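I have placed the structure first, in the form of structure tokens, so that the comments after it can refer back to it.
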Amino acid sequence: MNNGSFTEGTSTVNFNGGIQTIAGTKGTTFRGLIVAGTGNKSLGKDITVITLTLANNLVTTGSNVITIPG
């Protein structure tokens, strides 16, 4: 996900496809993250999410962490 040009922490990202992996060369911060679509998602790196919206999907973290600041 974050191997290209992505300005983290500035907008909402919608993972609305089939099976997807949120990965990259470093952890990523999402201002908003929507997890929806037909397949489950998995983490390849740690992520920080300010606003997280989950549909009927699983997010498999493995050894990675989702941080939601309070």
Next item on the list: Using the Karplus curve 6.51 cos²θ - 1.76 cosθ + 1.60 with θ = phi - 60°, work out ³J(HN,Hα) for each residue of region 54-64 in order, rounded to whole Hz, and write x for Gly and Pro.
Entry: 10, 8, 8, 10, 9, 10, 8, 9, x, 8, 8
Checklist line | Normalised per residue, the volume of the convex hull around the Cα set of the chain (Å³) | finding: 80
Note to self: I need the phi-derived Karplus couplings for region 33-41: 6.51 cos²θ - 1.76 cosθ + 1.60, θ = phi - 60°, integer Hz, Gly and Pro marked x.
What the structure shows: 9, 10, 10, 8, x, 9, x, 6, 10
Checklist line | Residues with amide H under 5 Å from that of T48, placed H, sequence gap 5 or more | finding: T28, T29, F30, T67
Notebook entry, point to check: Around S42, which amide H atoms from residues at least 5 apart in sequence, or from another chain, sit under 5 Å from its own amide H, with H modelled in the peptide plane?
Noted result: Q20, T21, I22, T60
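Leaving ligands, DNA and RNA out of it, report the carbon-plus-sulfur percent of the accessible area of the chain at a 1.4 Å probe. Mind dumping the intermediate values first?
Working: 2080 of 4090 Å².
Whole-percent figure for carbon plus sulfur exposure: 51.
Summing Lys, Arg as +1 and Asp, Glu as -1, what charge do residues with Cβ under 11 Å from the Cβ of T48 carry, T48 excluded?
Details: positive: R31, K45; negative: E8, D46.
Net of charged neighbours comes to 0.
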Check: Accessible area per residue of the chain at 1.4 Å probe, in Å²?
Finding: 58
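The values are calculated or read from the model by the stated rules, or taken from the named source; none is laboratory data. If you're wondering where the values come from, they're calculated on a predicted model, not measured in any experiment. For neighbour counting, all protein chains shown are included, and Cβ atoms are generated from backbone atoms with ideal geometry for every residue, glycine included. Areas reflect the complete protein model, heavy atoms only, side chains present, ligands, DNA and RNA absent. Shrake-Rupley method; radii C 1.70, N 1.55, O 1.52, S 1.80 Å.
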